[in-house]
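The structure appears below as structure tokens.
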Amino acid sequence: MPTLNQKEKLKKVKQPDVKIPIPVKQKRLVSGIKPTGQLTLGNYIGALKQFVKLQDEMENTELFIFIADLHAITTPIDKQELKKNIRSIAAIYLACGLDPDKVNLFIQSEVNEHAVLGYVMESTAYIGEMERMTQYKDKKQKQTEGIRTSLMTYPALMAADILMYDANIVPIGDDQKQHLELTRDLAIRFNNTYGETFVVPEGFFPETGARIMSLTDPTKKMDKSNENPKSYILLLDDLAAVRNKIKSAVTDSDAIIKYDVKKKPGISNLLTIYSSLTNETIKEVEKKYKGKSYSAFKADLAEIVADSLRPIQQMYFEYINNPRLDEILDQGAERAKLIASRKIEKVFKRMGMGRVR
Ligand code: TYM
């Protein structure tokens with residue numbers, strides 16, 4: 001038998017949900033980084049540097065930048081390491097110049113709706129589409145057993161991350177292009193099936209540096225999961241090690257500083273790094289080093305990379321143990337949650353889930 005108190009509660013008519021309007025800017029930008037390891041110079045040039053540039057250049061745009069920790073569990077990762085990486089990436093975002101007054105910075109798993117919309121996207125995506133993703137095929141090849149299901153379904157979660165906020169623009173490196181294409185396809189499919197719900201996003205790729213290559217094998221992407229640490233530069237690497245890695249980067253033997261990805265992938269990669277960090281065009285850099293030796297070019301580049309990383313490292317140590325970092329992440333999650341919860345409500349309604357309201 002219900003008690004009086006329970007009866008009272010049952011009688012209580014639910015107040016209509018008075019919605020506080022969400023202040024909207026005309027456009028939204030969304031991007032994220034997976035905390036599976038420390039960040040590389042590739043992440044910086046292909047993604048972080050672009051975020052900072054766009055935050056300063058794009059008018060009337062709200063930015064949502066997050067740490068994609070739900071993506072980090074698609075392969076096994078030690079709990080303590082994951083925790084450390086999440087905080088470290090948050091501090092790096094700020095150290096690179098992201099301004100919390102302009103950007104909603106948050107941790108993906110703190111906005112539960114990502115997992116929910118990820119499931120919805122899985123439910124509209126086809127297995128064939130997932131199996132076709134080149135990143136999945138590459139990663140699957142490296143693992144023989146215990147491949148997690150989420151490794152395959154991960155692009156559906158990435159689509160959810162983007163569609164959740166009605167992103168118009170998604171700054172990413174080249175390796176995420178296929179995932180963005182899938183996101184667009186899923187948005188269009190959902191809109192056609194259930195009615196207009198999602199904005200179809202556009203990718204934004206840097207003019208130079210969308211694919212920074214390994215320093216030891218310049219035909220492969222610079223990747224933190226490579227077993228040879230000389231193949232990548234970490235943003236928090238000791239600067240003496242950074243200089244050495246650049247100086248020992250693989251190049252060809254004809255000693256002409258010229259951009260030619262097919263014939264001279266090593267020097268082309270170094271020219272790309274040079275151009276991205278100095279904002280000089282590749283043509284200008286080629287002209288500057290005409291007739292000069294590879295070692296002279298590498299020595300200058302080593303200094304340029306070290307000079308770019310020094311202020312980031314200094315700022316990183318300012319943020320990493322600072323309670324302000326938590327305040328910024330709380331504030332970002334709060335804003336993201338507000339938008340995400342309303343989006344889920346709309347999506348469920350469109351699909352006929354739950355009760356009609
Ligand atoms: P992730 O964590 O592998 O990489 C983060 C960003 O860095 C870029 N990047 C590179 N750019 C140039 N050269 C390289 N060598 C290089 N390596 C990495 C990536 O293209 C990416 O932009 N699935 C994503 C994370 C993600 C996301 C999202 C991104 C989850 N949800 C929604 C955008 C929007 C990933 O694994 O990136």
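The values are calculated or read from the model by the stated rules, or taken from the named source; none is laboratory data. Fair warning: this is a prediction, and the values are worked out from it, not measured in the lab. In this analysis, Cβ positions are derived from the backbone assuming ideal geometry, glycine residues included, and neighbour counts consider all displayed protein chains. SASA here: full protein model, heavy atoms, side chains in, ligands and nucleic acids out. Shrake-Rupley method; radii C 1.70, N 1.55, O 1.52, S 1.80 Å.
A few comments on the model shown:
- Test: residue in the stretch 265-274 that is out of contact with any strand residue (DSSP E or B) (no Cβ under 9 Å at 6 or more places or on another chain) and away from the ligand (no atom under 16 Å from the Cβ): no
Residue-wise test of (1) within 24 Å of Ile45 (Cα to Cα); (2) more than 9 Å from the ligand (Cβ to nearest atom); (3) part of a loop (DSSP other than H, G, I, E, B).
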| residue | (1), (2), (3) |
| --- | --- |
| Thr124 | no, yes, yes |
| Glu145 | no, yes, yes |
| Leu151 | no, yes, no |
| Glu181 | yes, yes, no |
| Arg184 | no, yes, no |
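- Flag for Thr251 being in a loop (DSSP other than H, G, I, E, B) and within 30 Å of Phe64 (Cβ to Cβ): no
- Residue count for the stretch 186-212, restricted to those that are more than 30 Å from Val285 (Cβ to Cβ) and near the ligand (Cβ under 10 Å from one of its atoms): 1
- Residue match in the stretch 156-174 (condition: part of a loop (DSSP other than H, G, I, E, B), over 19 Å from Ile73 (Cα atoms) and either of a type in the set (Asp, Glu) or not assigned by TED's automatic domain parsing to the domain that holds Val52 (or both)): yes
- Complete set of residues in the stretch 213-227 that are more than 10 Å from the ligand (Cβ to nearest atom) and either without any contact (Cβ under 8 Å) to a residue 12 or more places away in the chain or open to solvent by less than 60 Å² (accessible area, probe 1.4 Å) (or both): Leu215, Thr216, Asp217, Pro218, Asn226, Glu227
- Residue-level analysis places Pro171 outside the set of residues that are farther than 19 Å from Lys27 by Cβ and either open to solvent by 10 Å² or more (accessible area, probe 1.4 Å) or within 12 Å of the ligand (Cβ to nearest atom) (or both).
- Conditions (1) open to solvent by less than 40 Å² (accessible area, probe 1.4 Å); (2) part of a loop (DSSP other than H, G, I, E, B); (3) within 29 Å of Glu145 (Cβ to Cβ); (4) modelled with pLDDT of 95 or more: number failed by Gly37: (4)
- Screening Val347 against (1) under 30 Å from Glu196 (Cα atoms); (2) open to solvent by less than 40 Å² (accessible area, probe 1.4 Å); (3) out of contact with any Ser or Thr (no Cβ under 9 Å at 6 or more places or on another chain) leaves a single unmet condition, (3).
- Residue in the stretch 201-212 that is within 30 Å of Lys349 (Cα to Cα) and either touching a residue at least 40 places away in the same chain (Cβ under 8 Å) or surrounded by 15 or more Cβ atoms within 10 Å (Cβ to Cβ) (or both) present: yes
- Residue under evaluation Glu59, criteria (1) in a helix (DSSP H, G or I); (2) over 28 Å from Arg310 (Cβ atoms), criterion not met: (1)
- Residues of the stretch 101-134 that are under 26 Å from Gln50 (Cα atoms), open to solvent by 30 Å² or more (accessible area, probe 1.4 Å) and either touching a helix residue (DSSP H, G or I) at 6+ places or on another chain (Cβ under 9 Å) or in contact (Cβ under 8 Å) with a residue 12 or more places away in the chain (or both): Lys102, Ser109, Glu110, Thr134.
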